[in-house]
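Here the structure is laid out as structure tokens; the discussion comes afterwards.
Since every read-out is calculated from the coordinates, none of them should be taken as a lab result. Here the structure is a predicted model, which is why all the values come from computation and not from measurement. Neighbour counts run over all protein chains shown; Cβ positions are idealised from the backbone, glycine included.
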Ligand code: ARG
């Protein structure tokens, strides 16, 4: 429809290109002003006339087009287009009814790497990691929908001097049984214990360095203990991933790149980028208004940044990405700016637009009571479990006969936490308020899922609906149906917008709009009416809405239930 209007205007305005017209064309704030409006201010200069006059003249020259326009009116300097409602409805329904509505081939043949989640081994999977996991997963889904091939990379923090400390602590104060039984909680305890003891006995630090050095040299004992710590931790992280219903293509943590850092040093040396500073090796970034990027510590060991630089080259060579995205908290902004700059300085112009850091805000726990294990440490897993059990309580109270309560509680409870995380722009802080995020009448996951279940229930009860029967489009031109259809028509552009901005909240806001419009439509219109043609037309809207809610929630990584 929009295309048709652009073409019509383009045929009648000499001084603007179709693209310029498309940019100027607006969607008016009120339905009384039509479905599209074209402002004529820009034409005043070149046409040497008052904008109002131009609007009237152009409007008069456009002619009548009953096949898609009901009316063309001018209002001041605006030409307002009123679409032929039946044609509008038909156009949207015919598009949206297709199974792959919203999908695109834009990404065909292109690969995107997303580096997200990436918890630190032997440490708890905390609320911050929950955010990168949820946001990264959604960005993966959004890009996949647009036809991109996506490599999901979990860059585990599984290398570094902290493992030397952990080995020392384990040998001194730990035992196999307890680690097996308590997992990360025990590893965390040992790590804390190390620091307490090292205060009193600084020699422990030397011991730890020696153990890490052994790891770097490939010492069997050191590596086998380290590997076991990684396995123990992964078991727990995978439990959290299972709850969230997501997975990765690669668990290639920092250790994966440990033998590739020499090559980074060589590249930097060959390009004369490495300078010495207090025994350490750095890349000076002063000309770019950044502190130097540390590459080798004075004991010769590589660091986080060195391994990140190695990872960029490995990924470029292995996956030939068109973009490599990094989802982490905003406190790592400088780290990535430095890493990207160093890669660029090594003669890789592409680093400028292909390496992208996607930061997000903090999680504020506010007054929320979140269960914490020893040392006031909050585990993402516990938060998810708490959400699930709260939902289960409600179900037991309000709908005790619901089938498969466990699955429903999991999908709704976890969905509520995810939706709460994704509903606001990612850079904003997320707050945790159980009553708010679980409220089925609020702007929440449960509200959207409930709307989906309502659609399902309507369809279960619909009598003799025939998907293939011709639809009388004139029957669904009432304001509530049109408003719902207009929301439905936005789905493809919403997905593109979310991808361009790396912003799942665009999809979350959208699905909320659809749910609101649907519920308004449902209040205004009975679906299961006697009139067969009317019933069929309205039911088609339910079918489409239900699929869009499912697909949009899927883009957020959130599931749906048929009853709740
Ligand atoms: N392990 C890091 C952390 O927990 C995040 C890693 C992000 N990815 C990367 N390539 N640096 O803070």
What's the whole-number percent of alpha carbon pairs in region 425-564 lying beyond 28 angstrom?
21 percent
In degrees rounded to 10, the 0-90 angle between helix 85-96 Cα long axis and the longest Cα principal axis of the chain is 30 degrees
Calculated FRET efficiency, residue 192 and residue 398, Cβ-Cβ r, R0 60 Å, to nearest 0.05?
0.90
Could you state the number of Å between the C-alpha centres of region 152-202 and region 433-460?
43 Å
Distance histogram for the chain (every C-alpha pair counted, 20 angstrom bins, percent rounded to whole numbers)
18, 42, 29, 11, 1
Report, to the nearest 10°, how far helix 127-145 tilts away from the longest principal axis of the Cα atoms in the chain, using its own Cα long axis and a range of 0 to 90°.
50 degrees
Distance between Cα centroids, region 23-54 to region 56-98: provide it in whole Å.
14 Å
Can you figure out the FRET efficiency of residue 428 with residue 490, using R₀ = 22 Å and their beta-carbon distance, to the nearest 0.05?
0.45
Computed label-point distance, nm, for sites residue 332 and residue 436 using a 7 Å Cα→Cβ extension:
2.7 nm
Full-stretch length increase - residue 227, residue 278 - with 0.36 nm per residue and alpha-carbon distance subtracted
15.1 nm
So residue 353 and residue 73, fully extended at 0.36 nm per residue minus their Cα-Cα distance, gain in nm 96.3 nm
Relative contact order, percent, the chain [alpha-carbon distance under 8 Å, six or more residues apart]:
14 percent
Radius ratio Rg over Rh of region 78-129, counting only Cα atoms, Kirkwood formula for Rh:
1.35
Restricting to DSSP H runs of at least four residues, report the calculated mean residue ellipticity at 222 nm for the chain, -39500 (n - 2.57) per run over all residues, nearest 500 deg cm²/dmol.
-17500 deg cm²/dmol
Residues 97, 476, 395 arranged by fewest to most Cβ contacts within 10 Å
97, 395, 476
Region 527-562 and region 475-501: distance between their alpha carbon centers, rounded to Å:
14 Å
Can you list, bin by bin at 5 Å, the percent of alpha carbon pairs in region 45-152, starting at 0?
2, 10, 11, 9, 8, 8, 8, 9, 10, 9, 7, 4, 2, 2, 0
Taking the simple approach of a point 7 Å from Cα along Cα-to-Cβ for both residue 530 and residue 299, what is their distance in nm?
8.6 nm
Take every Cα pair under 8 Å in region 169-283 that's 6+ residues apart, average their separations, divide by the length, and report that relative contact order as a whole percent.
17 percent
Any idea how far apart residue 472 and residue 563 come out in nm if each label point goes 7 Å out from Cα toward Cβ?
3.4 nm
Relative contact order of region 1-79, defined on C-alpha pairs under 8 angstrom at six or more residues apart (%)
27 percent
In degrees between 0 and 90, to the nearest 10, how far off the longest principal axis of the chain does helix 2-12 point, with axes built from Cα atoms?
60 degrees
